[in-house]
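The values are calculated or read from the model by the stated rules, or taken from the named source; none is laboratory data. This is a predicted model, so every value here is computed, not measured. No Cβ is skipped: glycine too gets one built from the backbone with ideal geometry, and neighbour counts run over all protein chains shown.
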């Protein structure tokens, strides 16, 4: 059985209260909640997850459709897909342009590390560069070639946008893409293995 | 306001420029006037308590500048066809009680008929021109204090939804109704460098105003943040005011998380009604200051760091 809760045009905490009521009325089933602002979307999602439900969010023309699944133990197809994707190679998080504290040695080690990555048995799925790590993905980096090679092999390369901004390097990016904190968090938390260098 | 041409004047010690809490006008060498107004929609069900909270909230701007209130006027929007006049009487009684507590005088007010209830005060305060406390004086090395617990906006949302427990509602209510007077007096005795009151933009928003105005970065220790007990229960249930998300959206790019804030993150952005003072004290005079130390001021360029 499927219910629809239309909470469009309503302010917090009304959509949450309506979702609460609807969830209390069913043993198990899917409830679709319609909201039209980000705060309500986040609040209904929090509430439903807190109640142990699975939530899927779709957006169409400024309206968010939250499909709240109560009681079923089966996994929604896209959730399964995501968890399988996470079984890909590890995500590597690089937060410095060197490995360890000693300047010169550290830079050599980092160069060696990135150049050797292509030979890893379990090839990384993503490289995330943050803080001074972004010096490795911009013009003048000693590992641009190696990184472009990895990209060619299907490894996704992301540099933190805030960090590029901070160092004034945004137009100097030479490999991969710019990413934000949301995607970084998704990438890290969705990974089955994160290696921090 | 940015598009408007606001006149400047040598007597105006604090104006709009730094997003401070009130305007300050120098009358003479030893007297300046503080002018502020604030009015709000109800955050609790009890009208008397709401009156106290709205008044404490309005008076707080004077205390944040380091001054003392002299006179106040009621500002009232009241739906006469929806609510009994008795409700208004209780609100005004609550407000008057707070004004009296400060030693200031209630000298009048103005009311209009409106669809939604709103109440607050316009307040005039006094201060010595040399002792005005703004949000612009924080220096690296200062310690930061917060004088009321966070989570007041979330509790207000839970109250609105009828889901707040009486104990939590009471704790939040009494925090909101309490004056920032004592904190203001204590900080002045200790040579405060900067102060602001934490209201609608949350700890991050008002903290960033201080950081930017002072040309520093604020470093906040998550574990030291005072929060209303039980508030995380409500935030996990999605009882979070929309403005918390708006604040998060506006300020997130100025916040650096050195550690994962987890479920505490939203509290940093939670809009506070009648929130506490955020105070930067020189570290050598901060010993024994009777409110929680939540972090420190470091060198930087107007950012908010969470450690």
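Tally time: how many residues in region A:35-47 are surrounded by fewer than 21 Cβ atoms within 10 Å (Cβ to Cβ) and more than 8 Å from chain B (Cβ to nearest Cβ)?
Final tally of qualifying residues: 1.
Would it be correct to say that residue B:132 is farther than 30 Å from residue B:237 by Cα and surrounded by fewer than 24 Cβ atoms within 10 Å (Cβ to Cβ)?
Numbers: farther than 30 Å from residue B:237 by Cα: yes; surrounded by fewer than 24 Cβ atoms within 10 Å (Cβ to Cβ): yes.
Taking the combined requirement at face value, the residue satisfies it.
Sort out which residues of region B:203-246 are over 19 Å from residue B:163 (Cα atoms), within 14 Å of chain A (Cβ to nearest Cβ) and touching a strand residue (DSSP E or B) at 6+ places or on another chain (Cβ under 9 Å), and write them in order of number.
B:217
If I go through region A:159-178 residue by residue, how many of them are touching a helix residue (DSSP H, G or I) at 6+ places or on another chain (Cβ under 7 Å) and either in contact (Cβ under 8 Å) with a residue 60 or more places away in the chain or not in a helix (DSSP H, G or I) (or both)?
Applying the first criterion (touching a helix residue (DSSP H, G or I) at 6+ places or on another chain (Cβ under 7 Å)) to region A:159-178 yields A:159-160, A:162-164, A:167, A:169-170, A:173-176, A:178.
Within this subset, residues satisfying the condition of being either in contact (Cβ under 8 Å) with a residue 60 or more places away in the chain or not in a helix (DSSP H, G or I) (or both) are A:159-160, A:167, A:169, A:173-176, A:178.
Number of matching residues: 9.
Is it fair to say residue B:288 is on the phi > 0 side of the Ramachandran plot, more than 15 Å from the chain's Cα centre (by Cα) and touching a residue at least 24 places away in the same chain (Cβ under 8 Å)?
Answer is no for this residue.
For region A:52-98, which residues satisfy the criterion of being within 14 Å of chain B (Cβ to nearest Cβ), surrounded by fewer than 16 Cβ atoms within 10 Å (Cβ to Cβ) and at pLDDT 90 or above?
Initial filter on region A:52-98 (within 14 Å of chain B (Cβ to nearest Cβ)): A:52-53, A:55, A:57, A:64, A:66, A:68, A:93, A:95.
Cutting the leftovers down to surrounded by fewer than 16 Cβ atoms within 10 Å (Cβ to Cβ) gives us A:52, A:57, A:95.
Matches in region A:52-98: A:57, A:95.
Of the residues that make up region B:52-67, is at least one modelled with pLDDT of 95 or more and more than 30 Å from residue B:157 (Cβ to Cβ)?
Looking for residues that are modelled with pLDDT of 95 or more and more than 30 Å from residue B:157 (Cβ to Cβ), one finds at least one in region B:52-67, hence yes.
Scan region B:216-255 for residues that are over 21 Å from the mean Cα position of the chain (by Cα), more than 16 Å from residue A:42 (Cα to Cα) and surrounded by fewer than 17 Cβ atoms within 10 Å (Cβ to Cβ) and jot them down.
Within region B:216-255, B:223, B:253 qualify.
Examine region B:292-304 for a residue that is more than 14 Å from chain A (Cβ to nearest Cβ) and on the phi > 0 side of the Ramachandran plot, and state whether such a residue exists. Give the steps one after another, and end with the answer.
Here is the first cut: in region B:292-304, the residues more than 14 Å from chain A (Cβ to nearest Cβ) are B:292-299.
Okay, now just the ones that are also on the phi > 0 side of the Ramachandran plot, so B:295.
Looking for residues that are more than 14 Å from chain A (Cβ to nearest Cβ) and on the phi > 0 side of the Ramachandran plot, one finds at least one in region B:292-304, hence yes.
Residue by residue through region B:266-290, note down the ones that are surrounded by fewer than 18 Cβ atoms within 10 Å (Cβ to Cβ) and either within 11 Å of another protein chain (Cβ to nearest Cβ) or part of a loop (DSSP other than H, G, I, E, B) (or both). Steps first, answer last, please.
First pass over region B:266-290, keeping only residues surrounded by fewer than 18 Cβ atoms within 10 Å (Cβ to Cβ): B:282-285, B:287-288, B:290.
Listed by number, the residues that qualify are B:282, B:287, B:288, B:290.
Can you find even one residue in region A:187-194 that is in contact with a helix residue (DSSP H, G or I) (Cβ under 8 Å, 6 or more places away or on another chain) and under 27 Å from residue B:255 (Cα atoms)?
So in region A:187-194, the residues in contact with a helix residue (DSSP H, G or I) (Cβ under 8 Å, 6 or more places away or on another chain) come out as A:190, A:194.
Of the ones still in play, those that are also under 27 Å from residue B:255 (Cα atoms) are A:190, A:194.
Yes.
Based on what the data block shows, is residue B:256 over 19 Å from residue B:137 (Cβ atoms), within 14 Å of chain A (Cβ to nearest Cβ) and at pLDDT 95 or above? Give the derivation first.
Details: over 19 Å from residue B:137 (Cβ atoms): yes; within 14 Å of chain A (Cβ to nearest Cβ): yes; at pLDDT 95 or above: no.
No; evaluated as a whole, the condition is false for this residue.
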